[in-house]
Amino acid sequence: MRDDAPLNAARAILEPALSAGAARQPALIAPGETLSYGALEEGAGRAAGLLAAEGLRRGGRGLLLLDDSP
């Protein structure tokens, strides 16, 4: 990741693990569900596609409002 690039939190968290071959390793463990680094990458890609389809572009700002969860 370049020092002058905007922060991409998903990339900063996922890229090192995926580069190390940990795509199938647990990344998120919650009651009743465990997601791998690979599954999180796929989900982040789907979310990015949905936001782009709604008109959000690089450098744009969005708001994410979620229920409390573990």
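From the backbone phi of region 39-47, what are the Karplus-calculated ³J(HN,Hα) couplings (6.51 cos²θ - 1.76 cosθ + 1.60, θ = phi - 60°) in whole Hz, Gly and Pro given as x?
For region 39-47, the Karplus-derived couplings read 5, 5, 4, 4, x, 5, x, 5, 4 Hz, x marking Gly and Pro.
For the chain, which whole-number percentage of the solvent-accessible area (1.4 Å probe, protein heavy atoms only) is attributable to carbon and sulfur atoms?
Taking all protein chains in place, the chain shows 54 percent carbon and sulfur surface.
With the crude spin-label approximation of a point 7 Å out along Cα→Cβ, what separation in nm comes out for Leu51 versus Ala10?
In this crude label model, Leu51 to Ala10 measures out at 0.7 nm.
Once you keep just the Cα pairs under 8 angstrom separated by 6 or more residues, what percentage relative contact order results for the chain?
Relative contact order for the chain comes out at 22 percent.
Under 5 Å between amide H atoms, partner at least 5 residues away or on a different chain: which partners does Ala27 have, H built in plane at 1.01 Å?
Here Leu35, Ser36, Tyr37 satisfy the definition.
Averaged per residue, what accessible area in Å² does the chain show with a 1.4 Å probe, protein chains only?
Averaged over the residues of the chain, the accessible area is 89 Å².
For the chain, what mean projected area does the convex hull of the alpha carbons give, in nm²?
Orientation-averaged projected area of the Cα hull: 5.9 nm².
So for each of 36-46, 53-63, 10-20 I average, over its residues, the number of other beta carbons within 10 Å; can you give me the resulting order with the highest mean first?
On the way: 36-46: 15.5, 53-63: 7.5, 10-20: 13.8.
In descending order of packing, they fall as 36-46, 10-20, 53-63.
Let me know the charge dipole size of the chain about its Cα centre in debye, to the nearest 20, where only the beta-carbon of Lys, Arg (+1) and Asp, Glu (-1) is charged.
Taking the Cα centre of the chain as origin, the dipole is about 260 debye.
The values are calculated or read from the model by the stated rules, or taken from the named source; none is laboratory data. All values reported here derive from a predicted model rather than from experimental measurement. Glycine also receives a Cβ, built like all others from the backbone with ideal geometry; neighbour counts cover every protein chain displayed. With ligands, DNA and RNA removed, areas are computed over all heavy atoms of the protein, side chains included. Shrake-Rupley method; radii C 1.70, N 1.55, O 1.52, S 1.80 Å.
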